[in-house]
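Taken together, the values in this text are just the output of simple stated rules run on the coordinates, not laboratory data. What you are looking at is a predicted structure, and each value in this text was computed from that prediction instead of being measured. When we count neighbours, we look across all protein chains shown, and the Cβ atoms used for this are built from the backbone with ideal geometry, even at glycine.
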């Protein structure tokens, strides 16, 4: 009877001993890792750059979206995409013959309206004080008809003046969608030709509102585009918007970056990313981010002489700048 009780007690206490053993094993493994780090290196010197990343697209300050202000048939297109044009150069024309016919019809209508009005004036002449209601109504209708005819003539003349698209400045044609013999409307919302001045091309970045205080005019930047995967373009911040823009991703502030080495024929609207340099320091002490650990708000590294408290500077995503606490060439472990 006593023997049975002793066996049951052994089984009952077996599981707690196993659990304690597992805990001790984990603690031991953690201790060994801390005492025997897997990596070892030396504190060294180098250059470091902290930066702010942002997305955006290519744009131009001097950009003209041109469309005909008259309705008609396209007679000729003088420019193609990629062409360099000069200010006031003709880029496209409408068929002036049809517009001239329209002007002729408007002028005929005006002459007829003027003749009808002159006849009515003769009929009511001398009846300034006793003009009947019918006479007044007839005269007023004729005057309105003449006024409309005058406006039609002016509009037809303007259509002829607007029958050509002129380059408002010297630049490069980046879009040309007009075709000879097609009819275009003066009310079209789509531009037929888009012209830019390549000297005014810039990268339009959207910086998160909470980070904009770190961005300053004059900071250097590097821009990359999906359309040019193997190239990077240097630039400089020259404009920061004074208002916030709301987007699906949150509130952003527009930042413009002037590009120094962009191709002669840019593709306006292509997407890209930029890294704006916030701080750039040369020949400073560097330590890998994996070697740094924090405790109680302070930063530490493990050296050949034991744990050392360090003061950190800027961070570039890979390395920390070390301001004090260790020396060049000192062994660190992590």
Ellipsoid semi-axes in whole angstrom, largest first, where each is sqrt(5λ) of the Cα gyration tensor of segment 262-334: 37, 13, 10
Taking 274, 200, 161 and counting other C-beta atoms within 10 Å, the order from fewest to most: 161, 200, 274
If eta is 1.306 mPa s and T is 10 °C, what Stokes-Einstein diffusion coefficient results for segment 67-195, Kirkwood Rh from Cα pairs, in µm²/s? 92 µm²/s
When the Kirkwood radius is taken over all Cα pairs of the chain, what Stokes-Einstein diffusion coefficient follows at 20 °C and 1.002 mPa s, in µm²/s? 75 µm²/s
What's the Cα-based Rg to Rh of segment 185-334, Rh via Kirkwood? 1.15
Which distance in Å, rounded to a whole number, links the C-alpha centroids of segment 144-203 and segment 268-316? 56 Å
Give the order of 183, 334, 320 when sorted by the count of other beta carbons within 10 angstrom, beginning with the fewest. 183, 334, 320
Which order do 207, 194 fall in if you start with the one that has the fewest other Cβ atoms within 10 Å? 194, 207
Counting only helical runs of four or more DSSP H residues, what would the 222 nm mean residue ellipticity of the chain come to if each run contributes -39,500 (n - 2.57) and the total is spread over all its residues? -10000 deg cm²/dmol
